[in-house]
Structures are given as C-alpha cells and as structure tokens.
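Visitor: Just dropping this structure here.
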Amino acid sequence: MDAKSNPLQSKLFRLVDANLNRLKEGIRVIEDINRYLYDNQSIASKLKSLRHLAKIDNYLELLPHRDIQNDVLKKSVKTEMEREDITSLLLANYKRAQEAARVLEESFKLIDPAKSEDFKTIRYELYALEQENLV
C-alpha cells in the first residue's frame, strides 16, 4: 500500500482505517457481552476469531492517513447515545460491525481483492451470529 503520491489513495486509506477500527470495536463489544454477561463461550470464541481475521498486514501504513480533527461527523447524534437494554446494545454493534465490514469489503477490491473476501466472510458470519445471538 502506497498513498504518499496520490491524495485519493490517502483518503481511501483514511476510510479503511476508520472502518477497520469501527469493525473491530463493534465486534469487541459483542464479544465481551457474550463472554462476561452471557458466559457464551461459543459465540464469544467465534467473534474473537472474526476480530483476528479483521487484521491487515500493513496496519502502520494507515496511521499517517488518520485525520480525526477534520472528521465532519465525529460528534455523536442523540440516537447513538441511547440504548434501551443489552439487546439494543448488541443490535447496534452488530449493525455497526456489519456496515464496516461491507465498506472494507468494497474498499479492498481496490487495494487487495483477496483481502476483500476476508471482509465479506466476516460480514456474513456476523449476519449468522446476529441471528444466533438475538433470536
């Protein structure tokens, strides 16, 4: 990955960085709820495996492209600050992680198509785990 000479590539790396963080954070919330609140080893282990699959080799190359100060939507909206119960917390984080996985799947089609497939796998596994966890 080399984005130094291409401003659009730099923005793409910023997009990847944000969504990689969002994906792993969302999975971690779900994983910890299943691990510590529900004592559900099966789902927690599957989520841990997905979180480990959601890594890239050249992560340090993304960091220079992070631009938190200029993020036009970094403030939370009211609905992001409201959760009724553990189920709504789980649902919000499943959706967060699924959406991030989709963005990464599409973005990596431009960077590393083989890695794109990993994010597609993560997305579909999250759909299945959401159903198993919440139904």
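Visitor: Filter the stretch 39-68 for residues that are of a type in the set (K, R), within 22 Å of V29 (Cα to Cα) and in contact (Cβ under 8 Å) with a residue 24 or more places away in the chain and give the result.
Guide: Those that are of a type in the set (K, R), within 22 Å of V29 (Cα to Cα) and in contact (Cβ under 8 Å) with a residue 24 or more places away in the chain: K46, R51.
Visitor: Sticking with this one: Inspect the stretch 80-87 for any residue being farther than 22 Å from N6 by Cβ, surrounded by 12 or more Cβ atoms within 10 Å (Cβ to Cβ) and without any contact (Cβ under 8 Å) to a residue 12 or more places away in the chain and give the result as yes or no.
Guide: Yes, the stretch 80-87 contains at least one residue that is farther than 22 Å from N6 by Cβ, surrounded by 12 or more Cβ atoms within 10 Å (Cβ to Cβ) and without any contact (Cβ under 8 Å) to a residue 12 or more places away in the chain.
Visitor: With respect to I56, determine if the residue is buried (at least 17 other Cβ atoms within 10 Å of the Cβ) and outside any helix (DSSP H, G or I).
Guide: Criteria met by I56.
Visitor: Residues to consider are R35, R51, R14; find the one that is in a helix (DSSP H, G or I) and closer than 19 Å to Y124 by Cα.
Guide: The match here is R51.
Visitor: Still on this model: Just for the stretch 25-71: of the residues that are under 20 Å from Q9 (Cβ atoms) and β-branched (V, I, T), which one is nearest to the chain's Cα centre (by Cα)?
Guide: I56
Visitor: Filtering the stretch 2-42 down to residues that are within 26 Å of D85 (Cα to Cα) and β-branched (V, I, T), which residue is surrounded by the most Cβ atoms within 10 Å (Cβ to Cβ)?
Guide: Per the stated criteria, the residue is I27.
Visitor: On to the next question. When both residues are 6+ apart or on different chains and their Cβ atoms are under 6 Å apart, which pairs have a first residue that lies in the stretch 88-106 and is without any contact (Cβ under 8 Å) to a residue 12 or more places away in the chain and part of a helix (DSSP H, G or I), and a second that is buried (at least 17 other Cβ atoms within 10 Å of the Cβ) and among the hydrophobic types (A, V, I, L, M, F, W, C)?
Guide: Listed by first residue and then by second, the contacts come to nothing, as the list is empty.
Every number here is computed from the coordinates shown, using simple stated rules; none is lab data. Fair warning: this is a prediction, and the values are worked out from it, not measured in the lab. We place every Cβ from the backbone using ideal geometry, glycine too, and count neighbours over all the protein chains shown.
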